[in-house]
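Here's the structure we're looking at; comments come further down.
We did not get these values from a lab; they are worked out from the coordinates using the rules stated. It should be emphasised that the depicted structure is a prediction, and the values quoted were computed from it without experimental measurement. Cβ placement follows ideal geometry from the backbone for every residue including glycine, while neighbour counts extend to all protein chains displayed.
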Amino acid sequence: MAVAVAPFIGQTPLQFGRVFSMSLPFSDNIDAQIFFLARLPRSLAAAVVGGTLAAAGVVFQGLLRNPLATPYTLGISAGASFGAMAAITFGSMLPVVGVTSASLAGALLAVMVVYALASARHSGLSTTVLLLAGVTMNSFFSALILFVQYLSDFTETFRALRWLMGDLDVAGYGPILGALPLVVVALGGFAWLARPLNLLSLGADAAATRGVDVRRAQRVAFFSGSLATGAAVSIGGPIGFVGIIVPHLVRLVVGADHRLVLPASFFVGAAFLVVCDVVSRIIMAPLELPVGIITALIGGPFFLWMLIRKRT
Amino acid sequence: MSHLSGSRSPGVHGSASLGGVLGSWGSGVICTILVVGATVIAQTKPARIVSLIPAVTEMLFAIGAGPQVVGVSAFDTFPTEAAARTKVGGLFDPNFEAILTLRPDLAIVYGSQDELIGRLERVHVPMFTYRHGGLADITRTIRDLGARTGHASEATRLADEIDAQLRAVRIRASGDTRPRTLLVFGREEGSMRGLYVSGGMGFLHDMLEAAGGANVMADVKREGLQLSLEQLLSRAPEVVIELRASDAWSRERQAREAAAWKTVGVPAARNGRVRFLLDDSLTIPGPRVGLAVQTIFTAIRQ
C-alpha cells in the first residue's frame, strides 16, 4: 500500500507545479523562485504535516481505544495554538520568539500537564483521566486563546485567526527543518508501537498477558503522538480532520492491523493534505482559501457518510 | 461613507415627551426634535458627544468640536485631549452603560454596531452612523460632521485644506512613472509568513494611488488579504511599504525585518526599496490623511 502511494507523493508537487504555471505565466527566473522558495517547501510541509497528523491520529485512537480520538483530543493543539497566539500578539514586546517555536513550547506545556494529571494517581496511564484532562486542557487553552485575542489589535486578530485555520505557506524550509527532528523521533516511536497497539486494542489486561509492557507502550504512544502533533501544528497550524478521517479511511481499505494502518495512514494523510493545499491555492486564486476549511469541508461530510455507512 | 441616521424631512416638528427625555439629559440645551418614524434627530448643536471611532474623534477635535466630546473609544490616542476623555469601549465591546452614564446628545457609532444602534434608538439617543470608506469619504465625513455639530465653517476649511494637500501630491506625482508598489500592514516577525496586504479597495489603497504608486494588488477587490509567498514573488513589486500603527521598532528590529525581506528575490528587496513607516496617522482615515499621503509619496520615491 505504502509503496503504491509513495511515488504519487513524490510527483505531486511537480505535477501541480506545471498545472499552476500554465494559469499564471511567469518569467523563467521568477518561476524557479516560486518553485523552490514558495511551492516546494509548501508541498513538503503539507506532506509532513498531513502524514504526521494522520499517523498520530492512529496512535491516539489506539491508545485511547476510542475511534473518535484525534491528535487534538488531548489538548496538545490547543496548547500549541495558545503559544502561537501569544507569539503573534506579544511578539513585538518579547525578544525573538518565532511563532513556530512558541507553538512548540505551548504544545510541550500541554503535554506535561496532561501527562502529570494522567499518571498522578495510577501506576500506568489512565485513559479515562487522559481523556478528561485532555478535554479540560482544550477548553482551558481555548479560554486563554480568547483572552489573548481580546488583548490584540485588529491586524493581529486577523493573523491569529488565519493561523488557526491552517496555513501551509511556510515561506522557506526553516519551519520544516525545525520540526523535522521531532517528527523523525515520533515516527520512530510509531514504528515501535505497531505491534503493541494491535495487542492493546484487545484491552490492557489481554495485552499484558501476551507480553506487552502496557505502561511502557502507553507512555511511548502518548509522548510520540504528542510530539508528532506538536511538531505538525507548529508548521501548519491546527489543521483539522486529517487526523481522524485518514485513519478510518485507511482501516476501511487495509483492515485493523497497525503494522499496515500506521504507514498507510502516514502516506495517505500526506497525499490528502498535499491535494487539499493545492485546492486551497487554486480555487480562489489569487486569493487563498485556508487549507483547514478545505479539509473540514471535504472531511466533515465524508466522515458523516462513513458513520452512516458503518451502521447499515 | 457616512450619513445621518434617518432622513431630514422638514415639517414634522416637536415631540413633548421625547423632548422631555432629552432635555433632562442635556445641559439645558433646548432640543428641537424631529420625528421620522422611530428615528429621532436632535437638530441643535450637540453638547455631549460620544464617539466610538478614533478617526471620527480626531475629526471632531480638528474642526473645533473637541470641547463637546465627553466620551471616546478605548482605542483613541490622538489628539492627547481625546485620550483623556472617558473611555466607553470599542467596536466589538461598546459599553452601553458607560455611554448612557455620559448622557450623550449625540453618539457616533460604526455602521456595523447593530445591537448598540438598536439600544441607543430605544433610549432615543441621536446617532451619527459612520463606516470606513475610501479617501474621498474622509472630507465628506468631515463636512457632514461640521454640519451636525455646529462647526460647518471650520469643517469646510479643514476639508478644503485636506483636498488641497491631496491635490498637491497628485500633481507632483502625475508626471512620474508609477512604481509597482505593495502595501503591507501585517506579517510574521522576521519572516515572510502571514503577509497581510492592501487589496484594490479602501482607504489604504486610495492613499497609495494618490501618492503615485501603482498597487500591485489592485485587481483584488478587497480591502485586505493574506498574500502567499508565491503571489508575492509573481507580483514582483518594485517598492514595498510596510505600515505599522504606533509600533515603535528598535534599530535591531528594523535591521531584522529588512533582512527578512532580503530572503525573497522581489525587485523591491533587491534594490533596497522596502520602507517601514511606523506611525498610526498612516492607518487612521482621519484629518492627518493629507500628510500621510505626502509621507507615502516620499517613501515611494526615495
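Quick notes on this one:
- Note on B:99, A:176: ascending count of other Cβ atoms within 10 Å places them as A:176, B:99, the fewest first.
- Cα gyration tensor shape for region A:131-205, rounded if a/c is under 1.5, else prolate or oblate: oblate
- FRET efficiency for residue B:214 and residue B:112, using Cβ-Cβ distance with R0 set to 22 Å, rounded to 0.05: 0.10
- FRET E, pair residue A:253, residue A:208, Förster distance 25 Å, beta-carbon r, rounded to 0.05: 0.25
- Only aspartates and glutamates eight or more places from residue B:45 in sequence, or on another chain, were considered; those with a Cα closer than 16 Å are B:105, B:144, B:154.
- Computed from backbone phi with θ = phi - 60° and the Karplus coefficients 6.51, -1.76 and 1.60, the 3J(HN,Hα) list for region B:154-168 is 4, 4, 4, 4, 5, 4, 4, 5, 5, 4, 5, 4, 5, 5, 4 Hz; x is used for glycine and proline.
- Packing-based exposure ordering (other Cβ within 10 Å, fewest first) of B:221, B:45: B:221, B:45
- Spin-label model distance (nm) - residue B:168 vs residue A:283, 7 Å beyond Cα toward Cβ: 5.0 nm
- For residue B:200, the residues whose modelled amide H falls within less than 5 Å of its own, excluding neighbours fewer than 5 places apart on the same chain, are B:220, B:221, B:222.
- Peptide B:179-191, shielding by other chains (average Cβ, 10 Å cutoff): 4
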